[in-house]
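Input: a single structure, listed below in structure tokens.
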Amino acid sequence: MIVVARFSFPHEAHIAKANLESAGIESFIADEHTVNTQWLYSNAIGGVRLMVSEEDLEEATEILSSDFSESLGTHSEAIGEKQDLCPHCGSSNLSAHTKGKRPAFLVFILLGFPLFFYKQGYKCNQCGEFSEKL
């Protein structure tokens, strides 16, 4: 078995594993429970590892590096979904962002337990504003 990809969180590894299994490639997830138990150790241990057999490495790498966003965009347009826009400037140049993760990590290192809750949302790449909901 050889590592084909590493992820910060187990759910990301499970999504990639499902992609591989849909193509008929058997894969295994390592260090999932360690990261679930203590998520701050994820970077220290190299994240959650997705492993495949050596003969499937090339095909698995190709599948995991494939970009299916074009077909998703076509599907979204076909069913009439609107594009997300920044509520501050109206830009559609958004990226997923976690606010407060770094301070939570620092407090955890200093005190041994996190005090801050981080927020998932979107950051506008044009104006830099963070939004929880669009």
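Taking the range 82-131, how much of its Cα-Cα pair set, in percent, is spaced more than 11 angstrom apart? The share of Cα pairs beyond 11 Å in the range 82-131 comes to 67 percent.
For Asp67 and His97, what does the FRET efficiency come to when R0 = 22 Å and r is the distance between their Cβ atoms, rounded to the nearest 0.05? Rounded to the nearest 0.05, the efficiency is 0.60.
Ordered by the number of other Cβ atoms lying within 10 Å of each residue's own Cβ, fewest first, Val48, Val3 fall into the sequence Val3, Val48.
The calculated FRET efficiency for the pair Thr37 and His88, based on their C-beta separation and a Förster distance of 35 Å, comes to about 0.35. For the range 2-66, the C-alpha radius of gyration divided by 2.2 N^0.38 Å, with N the number of residues, is 1.07. With 0.36 nm allotted per residue and the present C-alpha distance subtracted, the Val107-Ser8 stretch has 33.7 nm of extension available.
The separation of the range 84-116 from the range 2-46, counted between C-alpha centres, amounts to 22 Å. Tally Lys/Arg at +1 and Asp/Glu at -1 over every other residue whose Cβ is under 12 Å from the Cβ of Glu26; what's the total? Neighbourhood net charge equals -3.
A short reminder: the numbers here are calculations on the coordinates, not readings from a lab. Just so it is clear, the model here is predicted, and its values are computed rather than measured. Glycine gets a Cβ as well: all are built from the backbone with ideal geometry, and neighbour counts include every protein chain shown.
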